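Peer 1: The structure follows.
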C-alpha cells in the first residue's frame, strides 16, 4: 500500500514538473513534448486509479492526437516563443 | 496603483472565502451517494442490460442523447476547421510535409498500419465488453492514418469517402434513435434483445451505436489531420 502511494506521489510530482517545464520553456516544440508527458503520466494515473476507459481516452487523444496537432501548428508558424518579436524591432529599441 | 492592487486582492480573497463557505454548505446530492447510486448502476447494468462494461452502458444507453450531442459537437468542430483551412488547400494542393520518411520509417509504418486499424476496430466493436468504445477506437484509427500520412509524402485519403462514411454513421445513430421511438416510446429506447452477459452480440443497441460512433470519429479526425497537414502557410 505504501509503495502504491509513493508511486502515485512520484507520478504527481512528475506531472507538476512537466507542467512547469512546458510553461518555462521558450522552445515551443519542447513545451509541446512536455504537455504530451503530462498526458502520458495522467493516463498511467487513471489506470492506477482503476479507470481504464478514461486512461484509454487520455492516451489516445492527449498523448497522440493533441501533440501531433500542436506540432503541425508549430511547423506552420514559429518555433520559438519570442521569434515574432525578434523579427520586428520593439518600441523601446526604436526610441 | 499599489493600493488599488492590494484592494482588489483583498476583495477577491473575501469573495473567495464566502464562495468556499457557501459551496461547502451545499450537499451536491451527498445523501444519494450514501444511499448508493453507484451500487444501483453496478448491480443493475449487468443484470438487466447484460453489459459487462458499466461505463459504456451509462454513456450509450442511459445517457445516449448526450452522446449524440457530443458527436454533433465533434462534427461541428471538424467542419469549422475544414472551412477555415479550405482556401489554402485548394489554392496550393500540396502537402506541407513534402519529404518522404526514411526506408525504416516507411517499412515500419506499412507493417504497423493494419495492426493499428485492427486494434481500433477491436476497441470499438468490443466496447460493451472491455474498456474503451467508439471514441477511443476512432481516435486509434485516426492515429494509424496519421502514421501513414507522415511516413509517405504522396499518401492521400479521399475527402468524399470520408464524408460519406461520416454521414452514414451519423444517419445510423439517428435512425437507431428514431426506431427506438417507434418501438419503445422514447428516443434511443433499447428495443433489441439483450442476449447474455459477455457475448459479442449482446447489450441491445449498444454495439451498433458504438460501431457507428467509431466510424464517425475515425473519419472526422482523419479528415481533420489530413486538412491540417495539407495546409501551407
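What follows is calculated from the coordinates using simple rules that are stated; it is not laboratory data. Bear in mind the structure is a predicted one, so any value in this text is a computation, not a measurement. Neighbour counts run over all protein chains shown; Cβ positions are idealised from the backbone, glycine included.
Peer 1: Return one number: the angle in degrees, 0 to 90 and rounded to the nearest 10, between the long axis of the Cα atoms of helix A:28-48 and the longest principal axis of the Cα atoms of chain A.
Peer 2: Helix A:28-48 and the main axis of chain A meet at about 10 degrees.
Peer 1: What is the average number of partner chain Cβ atoms found within 10 Å of a Cβ in A:65-77?
Peer 2: 4
Peer 1: Hey, can you rank B:126-133, B:143-150 by average C-beta count inside 10 Å, highest first? Don't skip to the end; give the middle numbers.
Peer 2: On the way: B:126-133: 23.5, B:143-150: 21.5.
So the peptides B:126-133, B:143-150, ranked by packing, come out B:126-133, B:143-150.
Peer 1: Once every Cα of chain A carries one equal point scatterer and solvent is ignored, give the base-10 log of I(q)/I(0) from the Debye formula at q = 0.21 Å⁻¹, two decimals.
Peer 2: Reported log10 I(q)/I(0), two decimals: -1.02.
Peer 1: Follow-up question, since we're still on this one. For the range A:27-63 and the range B:162-179, what is the separation of their C-alpha centers, rounded to whole Å?
Peer 2: So the separation of the two Cα centres works out to 31 Å.
Peer 1: I've got another one for you. Helix A:2-24 versus the longest principal axis of chain A: what angle, 0 to 90°, nearest 10, using Cα atoms?
Peer 2: Helix A:2-24 sits roughly 10 degrees off the main axis of chain A.
Peer 1: Taking Cα atoms, how many degrees apart are the long axis of helix A:66-76 and the longest axis of chain A, rounded to 10 and kept between 0 and 90?
Peer 2: The two axes meet at around 10 degrees.
Peer 1: State the Kirkwood hydrodynamic radius of chain B in Å, one decimal place, computed from all pairs of distinct Cα atoms.
Peer 2: 21.0 Å
Peer 1: If you take each beta carbon of peptide A:49-61 and count the beta carbons of other chains within 10 angstrom, what is the mean?
Peer 2: Going residue by residue through A:49-61 and averaging, the value is 5.
Peer 1: Distance from the Cα centre of the range B:184-200 to that of the range B:47-71, in angstrom?
Peer 2: Result: 11 Å between the Cα centres.
Peer 1: Right, something else. In what order do B:154, B:199, B:190 fall by count of nearby beta-carbon atoms within 10 Å, going from fewest to most?
Peer 2: Final ranking by Cβ density, sparse to dense: B:154, B:199, B:190.
Peer 1: Then there's this: Among A:81, B:220, B:21, what is the fewest-to-most ranking by other Cβ atoms within 10 Å?
Peer 2: If I rank by nearby Cβ atoms, fewest first, I get B:21, A:81, B:220.
Peer 1: At 222 nm, what value in deg cm²/dmol follows for the protein assembly as shown if DSSP H runs of at least 4 each add -39500 (n - 2.57) and the sum is divided by all its residues, to the nearest 500? Intermediate results must be reported in sequence, preceding the final value.
Peer 2: On the way: 15 runs with 228 residues, N = 328.
So the helix-based figure for the protein assembly as shown works out to -23000 deg cm²/dmol.
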